[in-house]
Amino acid sequence: MSGVSVLQHFEAYQKSRVSFVQAVAEAATRPQNIEVMQNAGVMQLLRPLLLDNVPSIQQSAALALGRLANYSDDLAEAVVGNEILPQLVYSLSEQNRFYKKAAAFVLRAVAKHSPDLAQAVVDSGALDALVPCLEEFDPTVKESAAWAIGYIAQHTAELAQNVVDAGTVPLLVLCIQEPEITLKRISASAMSDICKHSPELAQAVVDAGAVAYLAPLIVHPDAKLKRQVCCCLAQIAKHSVDLAEVVVEAEIFPNILNCLKDNDAFVRKNAATCIREVAKHTPELAKLIVNAGGASALVDYVSEAQGNAKLPGIMAVGYIAAFSETLALAIIVSKGVMPLREALVAEPEDHIKAASAWSLGQIGRHTPDHARALAEGDVLRHLLACMVHEASSDDLKTKSKRALKAILAKCTHLQALQPLLRDSPVKVQKYVLKQFAQLLPHDVEARRAFVQNGGLQFLQELNESVGGKLKEHIEMINSCYPSEIVEYYSPNYSKALLEKIDEFQPQV
């Protein structure tokens, strides 16, 4: 056999390997093929090809493994179980940029499924191999490495701490300054995944100078980048007053308010979330948002948003209103009561209704004027309905009750209070009657209206069946009227009159 014919066998073997890995990589894109390939032992066949002497075979083998691992956690565990990770990590530092991208893809595909799999990636030494990839000249290699790092960090604070300890954060901050938009997006996303776990991790990102580069990107034309930037700033701001102040000092206002009107729904939601995370900390930060025009911007957002996207806006309004009567008044003046009432009535999800009830309570609990704005907005009746409805969740019932109690304690608008008397359970009637008992002694018109609207008559009927505090309040209200009128409206009055007829002897 000549040398040429011997080499033909080698070429045929190489072509077969190329054909095999390319076919497997292609087949792995379709879910229906996955189980068949798994049963055929695809992992064991791909593993040696990662160390093949032909670079294109190595890359295709890594790509195929990545696609398989991406499909399910069982296959990702198979990648770990077949000891493929150490080979990938070793090759990351040795091979060309195409292989590095494919290897980082496998690490990301394994890490994404669970904290245990992400820990396996870390234990294989992947972070030390991924960090130099963030310094590669090729931006697509940086993207793949940043993506894998974000997927490791997203699961737990411990994993995120491993990522920080590996020295990734300063490099991610450099990546966000690169011109490639995709690299900016992935770097912002990775930093967000680090920040979200704890104040210490967020502080590590802040200390690397990230906020100064993130904040200007709020006005970037790319929607997907703005999503990640708003999300990352929210994850920083949520932890503490100091971190929220760092975000605010980067001059995100008023630009972030414009994001509430963005064409992209996720940009709008993430911007509202960021504003909420700033607003919740102190009256000064809430005031800063209102002074920048945030009250009306948030109210508009709540009016226009649909479903779950309403939630951060509703809560931001509640946080702002909670701090002071001035800030609550800013929400009322911005016509914030109606959209919140609308969410309380119309939203199908109980947790959104509960948030609306909470925010309405924060607006109405300050002064009689605040409570009156809610009473005139027909809020009290709907809060009561949510509180007594059988289908309401426990959280919704609790929040509706607390809000109603807080508003009633300040409400002096008796026309709004009276309808609640008839429909309320005893625990609400108690708060309503307490207000009447305080107000009727000083207001003749209100006393007259209470009689004309049937309130006094209802009280006498109620008086027959209740005791305790409720009875005390009823007696206090009765003492505001002449005894003849109270007697006239009591249920036994007509019976007593009839008895008088029986007893009366006409003088003939």
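The values are calculated or read from the model by the stated rules, or taken from the named source; none is laboratory data. Everything quoted here is computed from the prediction, not taken from an experiment. Note: ideal-geometry Cβ built from the backbone for every residue, glycine included; neighbour counts use all protein chains shown. Remember, those area values only see protein heavy atoms, side chains included, never the ligands or the DNA or RNA. Shrake-Rupley method; radii C 1.70, N 1.55, O 1.52, S 1.80 Å.
Quick notes on this structure:
- Cα-based helix-to-principal-axis angle, 394-408 vs the chain, degrees rounded to 10: 40 degrees
- Pairwise FRET efficiency - A157 versus N33, Cβ, R0 = 51 Å, nearest 0.05: 0.85
- Converting phi to 3J(HN,Hα) with the Karplus coefficients 6.51, -1.76 and 1.60 and the offset θ = phi - 60°, the stretch 181-187 yields 5, 4, 5, 4, 4, 5, 5 Hz in sequence order, with x at every glycine or proline.
- Dimensionless Rg/Rh of the stretch 90-140 - Kirkwood Rh, Rg from C-alpha atoms: 0.97
- Within the stretch 15-99, GluC sites (Glu not before Pro) in DSSP loop having at most 11 other beta-carbon neighbours inside 10 Å: E83
- Charges were assigned to the Cβ only: +1 to each Lys and Arg, -1 to each Asp and Glu. The resulting dipole of the chain about its Cα centre is roughly 780 debye.
- Peptides 136-144, 367-375 ranked from most to least packed by the mean count of surrounding Cβ atoms within 10 Å: 367-375, 136-144.
- In the context of the full set of protein chains, residues of the chain present 47 Å² of accessible surface per residue (probe radius 1.4 Å, heavy atoms only).
- Tilt relative to the chain, helix 310-323 - C-alpha long axis, 0 to 90 degrees, to 10: 60 degrees
- Order by protection proxy (mean Cβ within 10 Å, highest first), peptides 230-236, 243-249, 343-349: 230-236, 243-249, 343-349
- Cα gyration tensor shape for the stretch 328-446, rounded if a/c is under 1.5, else prolate or oblate: oblate
- Label-point gap, in nm, between E200 and R47 - each point 7 angstrom along Cα→Cβ: 3.7 nm
- Shape descriptor for the stretch 388-432: Rg over Rh equals 0.98 (Cα atoms; Rh from the Kirkwood inverse mean 1/r).
- Summing Lys and Arg as +1 and Asp and Glu as -1 over all other residues whose Cβ lies under 10 Å from the Cβ of D369 gives a net charge of +1.
- Calculated from backbone phi, Karplus (6.51, -1.76, 1.60) coupling profile of the stretch 98-115 in Hz, x at Gly/Pro: 5, 5, 4, 4, 5, 5, 4, 5, 5, 4, 5, 5, 6, 5, 5, 6, 7, x
- In nm, spacing of pseudo-spin labels at E249 and Q507 (7 Å Cα→C-beta vector): 9.6 nm
- Relative contact order of the chain, pairs being alpha-carbon contacts under 8 Å that are 6 or more residues apart, as %: 6 percent
- Contour excess over end-to-end distance, with Cα ends at D264 and Q14 and 0.36 nm allotted per residue: 85.1 nm
- For the chain, a Kirkwood radius taken over Cα pairs fed into Stokes-Einstein (20 °C, viscosity 1.002 mPa s) yields D = 78 µm²/s.
- Full extension of the chain segment joining M476 with S303 gains 58.0 nm, where the gain is 0.36 nm per residue of separation less the Cα-Cα distance.
- A cut-off under 10 angstrom between Cβ atoms defines the neighbours of L225, and their net charge, with Lys, Arg +1 and Asp, Glu -1, is +4.
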